[in-house]
Every structure is written in structure tokens, then in C-alpha cells.
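Once you've had a glance at the structure underneath, I'll fire off some questions.
The values are calculated or read from the model by the stated rules, or taken from the named source; none is laboratory data. All of these numbers come straight from a predicted model, not from anything done at the bench. As a convention, Cβ positions derive from the backbone with ideal geometry for all residues, glycine included, and neighbour counts pool all protein chains shown. Note: areas computed on protein heavy atoms with side chains; ligands, DNA, RNA excluded. Shrake-Rupley method; radii C 1.70, N 1.55, O 1.52, S 1.80 Å.
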Amino acid sequence: MIAILTGDIKNSSEHKANKWMPLLKEALAKYGKEPKDWEIYRGDSFQLQTSPENALEAAIYIKASIKQVRQLDVRISIGLGEKNYDSPKITESNGTAFINSGERFENLKKQNLGIKTPNEKFDEHINLLLELALLTMDDWTPAISRTVQCAMDNPEMNQKELASLLNKSQGNISEELNKAGFDEVKKMIHFYKAQLAQL
């Protein structure tokens, strides 16, 4: 089983691409190689293949990257399933993971993040968690988003080390991660990974 993330940048036309494109490319490159594992197409749409274990973390990481530009956000659907046709370019590959990702993307209305797998009960649980998490994540400011990304990049660092890396006070870091709901986000990723065993 693989995971396919399909996404696009919200409000991209209101910003020059040179503001957000490097952030998007850097975030995608963390999870694979272009064009085998990820591609950007139609200007502001993208597709990424990763492992089911990494899928939710990758989606949140991309969100934290893009939200560093004010007024920008990202819509992402995660599809889990098989890959029946393997092409050198991710956008030309095919299988149930791609279909699930595409279908879920079409059904993203107000919600910016959703998942579709072969298991409806799993989807119900995780999508409910995502809906609740987005109440906080959709409000991340650029400063909070940068701190979240940095904390995800350096999971072994404590707040003091993150503070010196970002040139902020430890109190700042603590407050921003708190506002981001970062501990809860980590718990959600952990829960998601534990639930994957049931698929």
C-alpha cells in the first residue's frame, strides 16, 4: 500500500509564485524525489507519493511550510491504496491510491485536509480528527507555521534549542507551539499511525 497526496495552493494567484514555490518544493523534496515521487503541475497543484506512515505528517508539514506566507493555505487529500501502474513521472502513475486521493480531493469543500482509504470506518475516524485539528491549524500565523516546521524538522530538539535556531526566546517558542496545538497534532499523527495497522 502507498499514500498519494493531491493538493493545491489556496489564494496562490494573490501572491507571486517566487514567494511560495521554493517553500513548496522544499517541503515536497523532504519526502521524495522529483518527478518520480512528486510533481508540481497546473501552476499551483501538486502530487506526492509517500508511505502511508508518513502521509499525515507530510500533509501537515506542507501546510506549515505554505502558511509561512500570509493569507496562503493549502488543500490536501490523502489517498491510500495500491499503485498498479508505475511511471517515471508520478502524475502518469495509476492505481487505487491515486483514485482515492483524486476522489477525496474533489470532495474537499470547506475542509482543507481529508483522507480516503479502502476502509470507511478508518476514514470516518481520521476525517473527524482532521476536522477538529483544522479548527486550530487553519489559523496558524506565518510565525507559528515557521516554528511548527522547525519543530518537525528537528524532533530531537528541545524548546531552548529551537529558540536559538529561530532566534527567538524560549517563551516565544513555548507560546507558539502551544497556540499551534503542536502536542495535540503530534498525538493525532501517532494515533493515525497506530490505526493504520487495522487497514
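To the nearest 10 degrees, how steeply does helix 17-29 sit against the main Cα axis of the chain, on a 0 to 90 scale?
The answer is roughly 70 degrees.
Check the straight Cα-Cα distances from LYS160 and name the aspartates and glutamates below 17 Å, setting aside those fewer than 8 residues away within the same chain.
Filter leaves GLU175, GLU176, ASP183.
So, counting K/R as plus one and D/E as minus one, what does the shell of residues with Cβ under 10 Å around LEU162 add up to?
-1
Quick check: with the 1.4 Å probe, what order do MET188, MET1 take by accessible area, largest first?
MET1, MET188
Mind checking region 80-157 for GluC sites (Glu not before Pro) that DSSP puts in a loop (not H, G, I, E or B) and that have at most 12 other Cβ atoms within 10 Å?
Those satisfying the criteria are GLU156.
Related question: Report, in degrees rounded to the nearest 10, the 0 to 90 angle that the Cα long axis of helix 182-196 makes with the longest principal axis of the chain.
Once rounded, the angle reads 20 degrees.
Order of 109-116, 31-38 by packing, highest average Cβ count within 10 Å first?
Descending mean neighbour count gives 109-116, 31-38.
Cα to Cα, under 27 Å, and not fewer than 8 places away if on the same chain: which lysines meet these conditions relative to LYS33?
Within reach: LYS10, LYS16, LYS19, LYS25, LYS63, LYS67, LYS83, LYS89, LYS116, LYS186, LYS193.
Non-local amide H neighbours of LEU113 (under 5 Å, H modeled in plane, Pro and chain starts lacking H): which ones?
It is ILE76, by chain and number.
Let me ask you something else. How large is the helix-only mean residue ellipticity at 222 nm for the chain, computed as the sum of -39500 (n - 2.57) over DSSP H runs with n ≥ 4, divided by its residue count, in deg cm²/dmol to the nearest 500?
-16500 deg cm²/dmol
Report for region 27-161 the percent antiparallel among DSSP-assigned beta bridges with both residues inside it, nearest 5.
DSSP beta bridges in region 27-161 are roughly 55 percent antiparallel.
Next question, about the same structure. Take THR6, THR91 and sort them by solvent-accessible surface of the protein heavy atoms, 1.4 Å probe, largest at the top.
Reading off the accessible areas and sorting them downward yields THR91, THR6.
Something else about it: Quote the relative contact order of the chain in percent (integer), defining contacts as alpha-carbon pairs under 8 Å separated by 6+ residues.
Once divided by the residue count of the chain, the mean separation gives 21 percent.
For region 59-151, just the Cα atoms, rotate onto the principal axes and tell me the three extents in Å, largest first.
41, 33, 24
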